[in-house]
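Take a look at this one; I'll ask things after.
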Amino acid sequence: MPARRIRVRGQVQGVGFRPFVWQLANRLGIKGQVLNDPQGVLILATGDALEAFETALRTDAPSLAEVTGVESEPHEFSTPPVGFTILQSAGKGAETRVTPDAATCDACATEIRDAADRRHGYAFANCTHCGPRFTILRGLPYDRAQTSMAAFPMCPACASEYANPADRRFHAQPVACPNCGPRLWLEDGGGETAPDAIEAAVARLAQGQILAIKGLGGFHLACNALDPAALTLLRHRKRRPAKPFAVMGTLNMIRQYAAPSKAEAKLLRDPAAPIVLLNKSGIALPEEVAPGQSTLGWMLPYTPMHHLLMDAFGGPLVMTSGNLSGEPQVIGNKEAREKLGDFADAFVMHDRDIERRLDDSVERVTPHGPMVLRRARGRVPGTLPLPPGFEDTPQVVAYGGQMKSAICLLKNNEALLSHHLGDLDDALTSEEFLKADTDYAALFDHQPALAACDLHPDFRASRHAASKGLPLVQVQHHHAHMAACLGENGWPLDGGKVAGIVLDGLGLGPDGTVWGGEVLLGDYLGVERAAWLKPVPLIGGDMAQKEPWRNLLAQLDAAGMGDLADQLFPDKPLAMMRQAAAAGLNAPLSSSAGRLFDAIAAALGFDGALSFEGEAAMWLEAQSLRNLSHPGFGFGIHDGVIDPAPLFRQLFDELDAGKEPGLLAAWFHASLARAFADQALGLVNNGTAQAVVLSGGCFQNALLLDLTVNMLGDVPVMIHQKTPANDGGLALGQALVAAAQALSQSESK
Amino acid sequence: LAHGGGGKAMRDLITEVFTDVFAPPGDEDQARLTHPAITEPGAQLAFTTDSFVVTPVEFPGGDIGKIAVCGTVNDLVVGGARPLWLSASFIIEEGCEVALLRRIVASMKVEADKAGVQIVTGDTKVVGKGSADKVFVTTSGVGVIPAGRHLAADQVRPGDVAIVNGVLGDHGAAILAARGDMALSADIQSDCQGLGHLIEAALKAAPGIRAARDATRGGVASALNEIADAAGVAIEIDETALPLRPEVRGMCEILGLDPLYLANEGTLVLFAPPDQADAAIAAMRATDAGRDAVAIGTVGKGRAGLVTMRTLFGGSRVVDMLVGEQLPRIC
Ligand SMILES: [Fe+3]
Ligand SMILES: [Mg+2]
Ligand SMILES: [Zn+2]
Ligand SMILES: [Zn+2]
């Protein structure tokens, strides 16, 4: 009888893969064994249906598994196997994989609603196809003793499910039931108050109270999404005037307020259960949920507790991260009592510790596929395969940017991009960042030979990188953005030059000016600047990011429309600001596309200062009409310098002529897309570039992305889908650039 | 003023502008110094030097001469020394007005007298046009640290209170405002002043004071970071406690500057043990240079070298030492 040695690669550990193999083998009459080892899963098999067996390993894999490779070779058993057995893992370091946390599966969701089931109403049900993973992990290998479930010895019933390969809970580390597992309660300042936490929570939410609810990766602050008074109270307490709140609802609830497409519904139901941005449609939620936005961030209940809450409450709940402004989300019970006491009227808590703080991931579906905006719970620690040519890369650690910090590790031909860590100006986030560096290095047994960071010396991430005592590669910000997109799309190391349209906030350029609206020509190794927005002073440095009108002032002055600026801003100290601009006093020249968005937003009516990052650009996208006629204006372009001056002149003429701001906002998007697409197309058409890459934070704008992709026509285009186009993906690009440089040096030696 | 090396015109100039003002006059190229304090058992000599380059050389609240004296005096006194003697060297650009030099030298004399130091030796060189910007001044200073006094950054301990003697950033703001290219109506004066009397008063009331640092270039943020590094402690300051003149705050908002990084020339941060902080503040407030003295933060047990600021909104922001100029960081 034929026998084969089958190697399965990918995300195949801790996802119920071995029991799946066991069941499959039994069904197909295959004999042999399966075990986890450092490369993934190894199967020795013999039987008549080997071909069907190998095929099914890919096609029928459990929902959380991601099979990237099945390789097999002939094998000879010394003694023919009697049955099919699951062996203990092979050696230390065998269980190298941790999978992301996964939303409650349908089977578990059904059980908790089944009055006859022993987990009826239980907030912590899970199985190999769902449940907590990374958020409860203390160390590797991933087994119960190394998770915060170690505090809960299994009862006999759970233990027998755990031990039975035919059971859905075979080797599900967090397996638990009401007899042996974590417990949920509700407390307020006076202590624990109610026997049924869900019932009590729902009663309080219905009265307009705000609850701090401990979820999977941290605490949320929750309130009734239909209650304007509760929403206003929450905004007031959180000092968060306008930043959109995320809302949790079942798919049926969501359909009352939005019209998710098939792809959007699929993304909502993904095991990662991200927040998905959906256009408002149907009944309007109170404006306080997301003032001025055309989209709302929706997520489905993703733990049994959330399901029970949704069932009992029967309507959408705002679920915003439980933190002090700018700080990381609270994860500990004690910490929650201390920090969220002023925000919340009561706490819904449990006694399963959160070991890793993970924000909700935020994603959206564009006409060109789903796109991750913030990569966290449910997506990490997922890895990305490295593009061809990077097989021999040394281990690299890259430290990313300042505001949307994330770390990236390269090892074993894979990239591991950490979860979204946040703004490193915040002291606690900064601590979290240092912790994450040690944590990820330990978890993935990473011994970097090389560190990478941004060119900006005063990013905390750059300082930390410099302190590591490793050879350091400083990567220009927008080169890193471009490389991240190339890497995500598997563009080979020797794939040739591409044109990178990088439309972004700010990044230090090698010439000492601040870049952010460029067409870069090059590859992983290096780039040159082929085209760019005409630089204008960034008046007041970072202040220009907070006050969009400063950018309008700079643009109008540059366009020779200073008189108009005088009229528009009679109360501002323009003389001083203009002199600062002229003197270069905290007013570096910048080609930032993000700041151009701000200037246009200010021109079209965005007033005052931002209350959260990116607000003006989001506002502009939300304003834009979608039934777009041909733009009535455009940029001036001379030798690759894309000059907004003519656009501003025409824009104000059109405003004077009574054109709708929403139309002009759309025209701006189209003009920007046209100008940059033309520059990139020029490079492709003359054979200099092989493809076009779109990266930088501005490409999280779905309208801009769609317009640009369409204008690029048949040319090969790469966009971000699995990694953020903004600085959340920066570390991946830095790591790849550093790796490419190391590989080219070792080659030339 | 003509370029020349040791000729008669030069010697006349030196005699006329400089030697008359600085005491004691003498023909020797060296100062021979005696003072009872330097022979006291346990006393230590303190010696420091600094070069001063300021544009413009005269500004509201001072000039380069005043800074040159105060800067070096302050470098001595923050180490606990009583300043005794200074030297002063001048690099003068050809064509610099004699009247300007006179004003600079006169203001040096005034500050030296206030601080109780003598300028006992000096030098001048005239260089070609463009080789200097009007005038550069280098001063060196000698002082005596009395026996038993030990002010040093590494003495700072968790629990200590960080105190500033007055409002932040006036010097940096005044210099910006005084530059010809800025149209600032704001009437901001440099805080340039000697801090010797202030420190003596504070030490008398609070002998346990651990360390002091003048917050010159790089501002209070840099001074705090240097102390935190040297002492291996964390320092947390409170944004609401920072003393700022409304004009300076306004200017910082307009220009996007962080007052914590603005230069000062008469502002120090000192660290007092918790039980002596109030006494130190009260004593400082009784002096001219310390009328606005206030506690701005405390030393903690957090990560060594880390300076943080509790913000108006209750968050905690990292206050780093900047490598370069303030460059925008928000992507
Ligand atoms: Fe960026
Ligand atoms: Mg000095
Ligand atoms: Zn399940
Ligand atoms: Zn149980």
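The values are calculated or read from the model by the stated rules, or taken from the named source; none is laboratory data. These numbers were taken from a predicted model, which means no experiment stands behind them. Don't worry about glycine lacking a Cβ; one is built from the backbone with ideal geometry, like all the others, and counts go over all protein chains shown.
Does A:A125 satisfy being under 26 Å from A:K266 (Cα atoms), touching a strand residue (DSSP E or B) at 6+ places or on another chain (Cβ under 9 Å), at pLDDT 95 or above and not in a helix (DSSP H, G or I)? Before you say what the answer is, go through the steps one by one.
Details: under 26 Å from A:K266 (Cα atoms): yes; touching a strand residue (DSSP E or B) at 6+ places or on another chain (Cβ under 9 Å): yes; at pLDDT 95 or above: yes; not in a helix (DSSP H, G or I): yes.
The answer is yes for A:A125.
When the residues of the stretch A:379-434 are filtered to those that are of a type in the set (K, R) and more than 14 Å from chain B (Cβ to nearest Cβ), which remaining residue is nearest to A:I275 (Cα to Cα)?
A:R379
Does A:G516 count as within 16 Å of ligand 1 (Cβ to nearest atom), at positive phi and either surrounded by 22 or more Cβ atoms within 10 Å (Cβ to Cβ) or not in a loop (DSSP other than H, G, I, E, B) (or both)?
yes
Among the residues of the stretch A:445-483, how many are part of a loop (DSSP other than H, G, I, E, B) and at negative phi? Quick ask: steps written out before the conclusion?
Applying the first criterion (part of a loop (DSSP other than H, G, I, E, B)) to the stretch A:445-483 yields A:445-449, A:455-459, A:467-471, A:476.
Filter once more, so that each one left must be at negative phi: A:446-449, A:455-459, A:467-468, A:470-471, A:476.
The qualifying residues number 14.
For the stretch A:527-557, which positions are acidic (D, E) and assigned to a helix (DSSP H, G or I)?
Narrowing the stretch A:527-557 to residues acidic (D, E): A:528, A:542, A:547, A:557.
The answer is A:D557, and nothing else.
Checking the conditions here, which among A:L508, A:L533, A:L493, A:L525 is among the aliphatic types (A, V, I, L, M), within 30 Å of B:E253 (Cβ to Cβ) and more than 14 Å from chain B (Cβ to nearest Cβ)?
That would be A:L533, the only listed residue that is among the aliphatic types (A, V, I, L, M), within 30 Å of B:E253 (Cβ to Cβ) and more than 14 Å from chain B (Cβ to nearest Cβ).
Determine if the stretch B:319-330 includes at least one residue that is more than 13 Å from chain A (Cβ to nearest Cβ) and either of a type in the set (F, W, Y) or closer than 26 Å to A:L428 by Cβ (or both). Before you say what the answer is, go through the steps one by one.
Kept after step one, since they are more than 13 Å from chain A (Cβ to nearest Cβ), are these residues of the stretch B:319-330: none.
So far as the stretch B:319-330 goes, no, none of its residues is more than 13 Å from chain A (Cβ to nearest Cβ) and either of a type in the set (F, W, Y) or closer than 26 Å to A:L428 by Cβ (or both).
Considering each residue of the stretch A:385-401, count those that are surrounded by 22 or more Cβ atoms within 10 Å (Cβ to Cβ) and closer than 12 Å to A:A738 by Cβ, and give that number.
6
Moving on. Return yes when A:L610 is crowded, with 17+ Cβ neighbours inside 10 Å and in contact with a helix residue (DSSP H, G or I) (Cβ under 8 Å, 6 or more places away or on another chain) and no when it is not.
Details: crowded, with 17+ Cβ neighbours inside 10 Å: yes; in contact with a helix residue (DSSP H, G or I) (Cβ under 8 Å, 6 or more places away or on another chain): yes.
Answer is yes for this residue.
Here is a yes/no grid of residues against (1) assigned to a strand (DSSP E or B); (2) modelled with pLDDT under 95; (3) not assigned by TED's automatic domain parsing to the domain that holds B:A289:
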site: B:G95; (1), (2), (3): no, yes, yes
site: B:K109; (1), (2), (3): no, yes, yes
site: B:T138; (1), (2), (3): yes, no, yes
site: B:P158; (1), (2), (3): no, no, no
site: B:A174; (1), (2), (3): no, yes, no
site: B:A186; (1), (2), (3): no, yes, no
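Which of the numbered conditions does A:S160 fail, given that it passes all the others? Conditions: (1) under 28 Å from A:A272 (Cβ atoms); (2) within 16 Å of ligand 4 (Cβ to nearest atom).
Looking at each condition in turn, A:S160 falls short on (1).
Could you tell me whether B:D63 is modelled with pLDDT of 90 or more and either out of contact with any strand residue (DSSP E or B) (no Cβ under 9 Å at 6 or more places or on another chain) or on the phi < 0 side of the Ramachandran plot (or both)? Explain how you work it out, then say what you get.
Numbers: modelled with pLDDT of 90 or more: yes; either out of contact with any strand residue (DSSP E or B) (no Cβ under 9 Å at 6 or more places or on another chain) or on the phi < 0 side of the Ramachandran plot (or both): yes.
Yes, satisfied.
Among (1) buried (at least 24 other Cβ atoms within 10 Å of the Cβ); (2) in contact with a Leu (Cβ under 8 Å, 6 or more places away or on another chain); (3) not basic (K, R), there is one condition B:S190 misses while meeting the rest; what is its number?
Among (1) buried (at least 24 other Cβ atoms within 10 Å of the Cβ); (2) in contact with a Leu (Cβ under 8 Å, 6 or more places away or on another chain); (3) not basic (K, R), B:S190 violates only (2).
Among the listed residues A:D106, A:D60, identify the single one that is under 31 Å from the mean Cα position of the chain (by Cα) and under 20 Å from A:P165 (Cβ atoms). Working first, answer last.
Working: A:D106 fails: under 20 Å from A:P165 (Cβ atoms).
Going through A:D106, A:D60 in turn, the sole match is A:D60.
Tally time: how many residues in the stretch A:113-151 are hydrophobic (A, V, I, L, M, F, W, C) and more than 14 Å from ligand 4 (Cβ to nearest atom)? Quick ask: steps written out before the conclusion?
The first filter runs over the stretch A:113-151 and keeps only residues hydrophobic (A, V, I, L, M, F, W, C), leaving A:115-116, A:123-125, A:127, A:130, A:134, A:136-137, A:140, A:145, A:149-151.
Right, trim to more than 14 Å from ligand 4 (Cβ to nearest atom) and you get A:115-116, A:130, A:134, A:136-137, A:140, A:145, A:150.
Qualifying residue count for the region: 9.
Still on this model: With the requirement that a residue be assigned to a helix (DSSP H, G or I) and away from every other protein chain (no Cβ under 12 Å), what does the stretch A:435-444 give you? Spell out how you get there, then give the answer.
Step one: of the stretch A:435-444, the residues assigned to a helix (DSSP H, G or I) are A:435-443.
Passing the criteria: A:A436, A:D437, A:T438, A:D439, A:Y440, A:A441, A:A442, A:L443.
For the stretch A:213-228, does any single residue satisfy the condition of being more than 28 Å from A:A284 (Cβ to Cβ) and acidic (D, E)?
No, the stretch A:213-228 contains no residue that is more than 28 Å from A:A284 (Cβ to Cβ) and acidic (D, E).
Can you say whether B:I199 is buried (at least 24 other Cβ atoms within 10 Å of the Cβ) and part of a strand (DSSP E or B), as far as the supplied structure shows? Quick ask: steps written out before the conclusion?
Numbers: buried (at least 24 other Cβ atoms within 10 Å of the Cβ): yes; part of a strand (DSSP E or B): no.
The answer is no for B:I199.
Same structure again: Starting from residues that are modelled with pLDDT of 85 or more and polar (S, T, N, Q), keep the ones in the stretch B:310-331 and report whichever is surrounded by the fewest Cβ atoms within 10 Å (Cβ to Cβ). Break it down stepwise before answering.
Taking the stretch B:310-331 as the starting set, the residues that turn out to be modelled with pLDDT of 85 or more are B:310-312, B:315-321.
Adding the requirement that they be polar (S, T, N, Q) leaves B:311, B:316.
Values: B:T311: 18, B:S316: 22.
The qualifying residue surrounded by the fewest Cβ atoms within 10 Å (Cβ to Cβ) is B:T311.
Of all residues in the stretch A:323-350, how many are within 14 Å of another protein chain (Cβ to nearest Cβ), of a type in the set (G, A, S) and either farther than 15 Å from A:L234 by Cβ or surrounded by 21 or more Cβ atoms within 10 Å (Cβ to Cβ) (or both)?
Here the count works out to 1.
On to the next question. How many residues does the stretch B:222-261 hold that are in contact (Cβ under 8 Å) with a residue 60 or more places away in the chain, in a helix (DSSP H, G or I) and crowded, with 22+ Cβ neighbours inside 10 Å?
11
For the stretch A:137-192, how many residues meet the condition of being under 19 Å from A:D353 (Cβ atoms) and in contact with a Pro (Cβ under 7 Å, 6 or more places away or on another chain)?
6
I've got another one for you. Looking only at strands (runs of 3 or more DSSP E) that lie completely in the stretch A:10-112, which have at least 2 residues being loosely packed, with under 15 Cβ neighbours inside 10 Å?
Ranges flagged: A:66-74.
Residues that are touching a Ser or Thr at 6+ places or on another chain (Cβ under 7 Å): which strands (runs of 3 or more DSSP E) entirely in the stretch A:322-407 hold 1 or more of them? Full working, then the answer.
Working: elements: A:346-350, A:362-366, A:369-374, A:383-385, A:396-398.
In the stretch A:322-407, A:362-366, A:369-374, A:383-385 are the strands (runs of 3 or more DSSP E) which contain 1 or more residues that are touching a Ser or Thr at 6+ places or on another chain (Cβ under 7 Å).
Still on this structure, please answer the following. What number of residues within the stretch A:669-698 satisfy the criterion of being within 27 Å of the chain's Cα centre (by Cα), over 13 Å from A:D714 (Cα atoms) and in a helix (DSSP H, G or I)?
Residues in the stretch A:669-698 being within 27 Å of the chain's Cα centre (by Cα), over 13 Å from A:D714 (Cα atoms) and in a helix (DSSP H, G or I): 7 in total.
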